[in-house]
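K.L.:
Quick one: the structure is below, questions incoming.
The values are calculated or read from the model by the stated rules, or taken from the named source; none is laboratory data. No experiment lies behind these values; they were computed from the predicted model shown. Glycine gets a Cβ as well: all are built from the backbone with ideal geometry, and neighbour counts include every protein chain shown.
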Amino acid sequence: MKGVMRFEKKDKISPRYIGPFEILERVGTLAYRVALPPNLVGVHNVIHVSMLWNYISNPSHVLNYEPLQLTQNLSLEETPTQILDRHERRLRNKVIHMVKVKLLNHSEEQAT
(Lines give C-alpha, C1' and ligand atoms only; values in the text may rest on other atoms or scores of the structure.)
Protein backbone atom coordinates (compact mmCIF):
# COMPACT_ATOMS: atom_id res chain seq x y z
CA MET A 1 0.00 0.00 0.00
CA LYS A 2 1.30 3.45 -0.84
CA GLY A 3 0.33 6.88 0.38
CA VAL A 4 1.26 10.46 -0.32
CA MET A 5 2.33 12.49 2.72
CA ARG A 6 0.89 15.94 3.33
CA PHE A 7 3.56 18.57 3.93
CA GLU A 8 3.10 20.88 6.92
CA LYS A 9 3.47 24.35 5.41
CA LYS A 10 0.34 25.63 3.64
CA ASP A 11 1.58 28.68 1.72
CA LYS A 12 0.36 29.44 -1.76
CA ILE A 13 3.53 28.22 -3.49
CA SER A 14 4.50 25.41 -1.12
CA PRO A 15 3.93 21.81 -2.13
CA ARG A 16 0.85 20.30 -0.53
CA TYR A 17 1.86 16.66 -0.79
CA ILE A 18 5.14 14.79 -1.21
CA GLY A 19 5.61 11.16 -2.04
CA PRO A 20 4.37 8.51 -2.69
CA PHE A 21 5.89 6.53 0.16
CA GLU A 22 5.22 2.96 1.17
CA ILE A 23 3.10 2.41 4.27
CA LEU A 24 4.87 -0.17 6.41
CA GLU A 25 2.39 -0.78 9.20
CA ARG A 26 -0.54 0.57 11.14
CA VAL A 27 0.41 2.00 14.55
CA GLY A 28 -2.64 2.48 16.75
CA THR A 29 -6.01 3.47 15.36
CA LEU A 30 -5.09 6.70 13.52
CA ALA A 31 -1.36 6.47 12.80
CA TYR A 32 0.77 4.74 10.15
CA ARG A 33 4.50 4.09 9.86
CA VAL A 34 5.86 5.04 6.43
CA ALA A 35 9.15 4.26 4.70
CA LEU A 36 10.89 7.60 4.20
CA PRO A 37 14.03 8.16 2.09
CA PRO A 38 17.35 8.97 3.81
CA ASN A 39 17.15 12.71 2.99
CA LEU A 40 14.02 12.94 5.20
CA VAL A 41 15.81 11.43 8.20
CA GLY A 42 14.72 14.33 10.44
CA VAL A 43 11.01 13.74 9.76
CA HIS A 44 9.24 11.36 12.15
CA ASN A 45 8.12 8.26 10.26
CA VAL A 46 4.84 7.73 12.16
CA ILE A 47 2.22 9.87 10.42
CA HIS A 48 -1.36 10.68 11.45
CA VAL A 49 -4.01 9.48 9.02
CA SER A 50 -5.09 13.08 8.28
CA MET A 51 -1.66 13.78 6.77
CA LEU A 52 -1.91 10.87 4.32
CA TRP A 53 -3.59 10.74 0.95
CA ASN A 54 -4.45 7.44 -0.68
CA TYR A 55 -2.51 6.68 -3.85
CA ILE A 56 -4.23 4.38 -6.34
CA SER A 57 -1.56 2.77 -8.47
CA ASN A 58 -1.90 3.07 -12.21
CA PRO A 59 0.65 1.63 -14.67
CA SER A 60 0.33 4.74 -16.82
CA HIS A 61 1.64 6.93 -13.99
CA VAL A 62 5.30 7.73 -14.35
CA LEU A 63 6.69 9.16 -11.15
CA ASN A 64 9.78 11.31 -11.39
CA TYR A 65 10.85 11.42 -7.78
CA GLU A 66 13.44 14.07 -7.15
CA PRO A 67 14.85 14.21 -3.63
CA LEU A 68 13.73 17.28 -1.71
CA GLN A 69 16.38 19.60 -0.34
CA LEU A 70 15.14 20.42 3.15
CA THR A 71 16.74 23.14 5.23
CA GLN A 72 18.04 22.60 8.76
CA ASN A 73 14.63 23.42 10.29
CA LEU A 74 12.92 20.90 7.92
CA SER A 75 11.32 23.52 5.68
CA LEU A 76 11.37 23.53 1.89
CA GLU A 77 12.56 26.50 -0.16
CA GLU A 78 10.99 26.79 -3.59
CA THR A 79 13.00 28.32 -6.43
CA PRO A 80 11.27 30.07 -9.34
CA THR A 81 12.69 29.02 -12.72
CA GLN A 82 10.56 30.65 -15.41
CA ILE A 83 7.93 33.34 -15.86
CA LEU A 84 5.08 31.85 -17.91
CA ASP A 85 2.61 34.72 -18.13
CA ARG A 86 2.20 38.39 -17.17
CA HIS A 87 -0.81 40.64 -17.05
CA GLU A 88 -2.16 43.46 -14.96
CA ARG A 89 -5.40 43.83 -13.08
CA ARG A 90 -6.95 47.24 -12.83
CA LEU A 91 -8.91 48.17 -9.76
CA ARG A 92 -10.63 51.50 -9.22
CA ASN A 93 -7.52 53.48 -8.42
CA LYS A 94 -4.73 50.93 -8.51
CA VAL A 95 -3.00 48.53 -10.93
CA ILE A 96 -1.82 45.11 -9.71
CA HIS A 97 0.78 43.30 -11.82
CA MET A 98 0.17 39.53 -11.94
CA VAL A 99 2.94 37.05 -12.82
CA LYS A 100 2.54 33.29 -13.34
CA VAL A 101 5.76 31.55 -12.20
CA LYS A 102 6.96 27.97 -12.75
CA LEU A 103 8.80 26.56 -9.75
CA LEU A 104 11.82 24.26 -9.87
CA ASN A 105 10.25 20.95 -8.76
CA HIS A 106 6.80 21.51 -10.31
CA SER A 107 5.21 21.16 -13.73
CA GLU A 108 3.68 23.99 -15.74
CA GLU A 109 0.18 22.90 -14.67
CA GLN A 110 1.17 23.59 -11.04
CA ALA A 111 2.47 27.10 -11.75
CA THR A 112 1.07 29.86 -9.53
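K.L.:
Kindly indicate the residue of region 91-106 that is closer than 30 Å to residue 43 by Cα and not in a strand (DSSP E or B) and also modelled with the lowest pLDDT among those meeting that condition.
P.N.:
105
K.L.:
If residue 50 satisfies all but one of (1) modelled with pLDDT of 80 or more; (2) of a type in the set (Ser, Thr, Tyr); (3) surrounded by 13 or more Cβ atoms within 10 Å (Cβ to Cβ), what's the number of the condition it fails?
P.N.:
Going through (1) modelled with pLDDT of 80 or more; (2) of a type in the set (Ser, Thr, Tyr); (3) surrounded by 13 or more Cβ atoms within 10 Å (Cβ to Cβ) one by one, residue 50 breaks only (3).
K.L.:
Something else now. Of these, 88, 109, which one is part of a helix (DSSP H, G or I), surrounded by fewer than 10 Cβ atoms within 10 Å (Cβ to Cβ) and of a type outside the set (A, V, I, L, M)?
P.N.:
109
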